[in-house]
Amino acid sequence: MTLAVAVVAPRGLSAADGPPVRGFCIAAPGPSQVESFAGFIARGLAPRRVNTLILRVDFNYQFASRPELAAPGGLSKADVQRLVAVCRTNQIRLIPQINLLGHQSWESHTGALLSVHPEFDETPWVTNPAKYVWPNPDGLYCRSYCPLHPQVHDVVFAAVDEVCDAFEADAFHAGMDEVFYLGEAKCPRCGGKDKAGLFAGEVSLIRDHLKASRRELWIWGDRLIDGKTSGMGEWEASANGTGRAVDLIPHDVFICDWHYERAELSAVYFAMKGFRVAACPWTNARAAGQQWADMVRFREQSSAPMRDRFQGVVQTVWSDAGSFLRDFDARSRGDAKAGKSAAACFLALSSGWAAAGASAP
């Protein structure tokens, strides 16, 4: 049974004429899943009028430019071209993501970048625990690379460029969420420096690099919100001083504003600061429906410059592609048990998109 959430456009603005971004974000499939995922794009995303697909590739790619980062079981260029082709056929903008700055480890597992380049680690003195728990004395959630290491960008930008070229992308998502390690006192390069300045400097550097190839930068927005002032805490917002970076980065950076349990109004904050923004739900279908309705309402009630900053909604999925596809297929058939999941949220949210498309002239 699929949850139903009514998405009602305010008077004077139809859902068909609503926000331009109807997005979907998920981990990139493995090579063995490429064909089934291509089918999902054609039969699951396109009929629901999804027009933006963010694939979280990270280092799960067979890099030629930086072979030390290549994942043996990662996507090949041919795999990526299969996905590019099906997206092009269905007029879906395809945006690859590699987590930059933060999320360079997960619990006790260090990711590819810091595994082969430990010299980039912002906190090399922190050891991976045998059994991970949160909270912990080191404040270890995910590792970061040091943004001021003199060689780090030679490595990561080579990977970014290669992935963007393979995906024929005009935009790149750099992640940059949940950065807890930054400007640590013991770091010989950035210790003691302003964390907002460090974060903004990294965002700006990545943005400038992409702009040279006529690509735009997308990031998650949580580090740009002050957690105390907003009351959103240290996960959906920042508790380590990076919030002021919102006033230090270029306005052409696209903000993905994730909130999973409530339809927070921080999209208005970002739009007032001059940024284009999309709200990002996960498993709460009611919140997702409200986020879309808010975007439609904000566009109707705003001035012309503000209106275009409210870009839409991007459904997020935080499982592997295979798990999502199994749940999606079961729920599409009506076989799954009722309850929260990313698939249930997406089906509820996108039902309004599909209906609007069917009723459009």
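Details
- Pairs beyond 25 Å (Cα-Cα), from Lys77/Lys211; Lys195/Lys340; Lys195/Lys228: Lys195/Lys340
- Sorting Leu347, Leu265, Leu224 from the fewest to the most surrounding beta carbons within 10 angstrom yields Leu265, Leu347, Leu224.
- Rounded, prolate or oblate (a/c below 1.5 giving rounded, otherwise prolate when a/b exceeds b/c) for region 155-237 by Cα gyration tensor: oblate
- Calculated FRET efficiency, Thr229 to Arg262, Cβ-Cβ distance, R0 = 25 Å: about 0.90 to the nearest 0.05.
- The charge dipole of the chain, taken about its Cα centre with unit charges on the Cβ atoms of Lys, Arg (+1), Asp and Glu (-1) only, comes to about 1100 debye.
- Calculated over the chain: convex hull of Cα atoms, volume per residue (Å³): 142
- Helix 195-211 and the longest principal axis of the Cα set of the chain meet at an angle near 70°.
- Cβ-to-Cβ counts within 10 Å put Ser341, Ser238 in ascending order as Ser341, Ser238, the fewest first.
- Residue-averaged 222 nm ellipticity for the chain, from DSSP H runs of 4+ at -39500 (n - 2.57), nearest 500: -10000 deg cm²/dmol
- Antiparallel DSSP beta bridges within the chain, percent to nearest 5: 10
No value in this document is a laboratory result; all are computed from the given coordinates. None of these values were measured; they are calculated from a predicted model. No Cβ is skipped: glycine too gets one built from the backbone with ideal geometry, and neighbour counts run over all protein chains shown.
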